[in-house]
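Down below is the structure, laid out as structure tokens.
The values are calculated or read from the model by the stated rules, or taken from the named source; none is laboratory data. Predicted model, so just to flag it, every value in this text is computed and none were measured. Ideal geometry is used to build each Cβ from the backbone, glycine not excepted, and the neighbour counts take in all protein chains shown.
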């Protein structure tokens, strides 16, 4: 698995790392029960602070994607929790935000839907 971060991005490194892990799960490159690199190992490989990796792992553990134990960090072997009301509120917030940005920039609704469909197709691996 190829881990990477973009130090010139406006997106915080912990968020890039968390998003990358979610993508790996969606693409089935990481499966329930898989062990992730240790915080120390991944921070060394990427040249980033231990606390940055820990923050990404903790964020994903709080959302149910990962389980952090004394023996390591694992993709939740019980499976990723099903969407609940809190998830849908967060989803609605993000979609409203992106819709507003697109409208303000003059992006057509069809273009937004096309791009969402393209991204979905990249991740929708059966």
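Kindly indicate whether residue 124 is in contact with a helix residue (DSSP H, G or I) (Cβ under 9 Å, 6 or more places away or on another chain), surrounded by fewer than 12 Cβ atoms within 10 Å (Cβ to Cβ) and either farther than 24 Å from residue 54 by Cα or at pLDDT 95 or above (or both). Criteria met by residue 124.
To keep it simple, each residue is scored yes or no on (1) touching a residue at least 12 places away in the same chain (Cβ under 8 Å); (2) closer than 30 Å to residue 114 by Cβ.
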residue: 9; (1), (2): no, yes
residue: 15; (1), (2): yes, yes
residue: 19; (1), (2): no, yes
residue: 34; (1), (2): yes, no
residue: 39; (1), (2): yes, no
residue: 48; (1), (2): yes, no
residue: 54; (1), (2): yes, no
residue: 65; (1), (2): yes, yes
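Would you say residue 63 is exposed (fewer than 13 other Cβ atoms within 10 Å of the Cβ) and within 22 Å of residue 5 (Cα to Cα)? No, not satisfied. Is it the case that region 13-25 has a residue that's loosely packed, with under 13 Cβ neighbours inside 10 Å and out of contact with any strand residue (DSSP E or B) (no Cβ under 8 Å at 6 or more places or on another chain)? No, the conditions are met nowhere in region 13-25. Yes or no: region 66-80 includes at least one residue that is assigned to a helix (DSSP H, G or I) and more than 21 Å from residue 16 (Cβ to Cβ). Checking region 66-80: not a single residue is assigned to a helix (DSSP H, G or I) and more than 21 Å from residue 16 (Cβ to Cβ). Here the condition is being in contact (Cβ under 8 Å) with a residue 60 or more places away in the chain and either closer than 23 Å to residue 17 by Cα or more than 17 Å from the chain's Cα centre (by Cα) (or both); of 58, 123, it holds for 123 alone. Within region 81-106, which residues are in contact (Cβ under 8 Å) with a residue 12 or more places away in the chain and either in contact with a strand residue (DSSP E or B) (Cβ under 9 Å, 6 or more places away or on another chain) or part of a loop (DSSP other than H, G, I, E, B) (or both)? Result: 81, single match.
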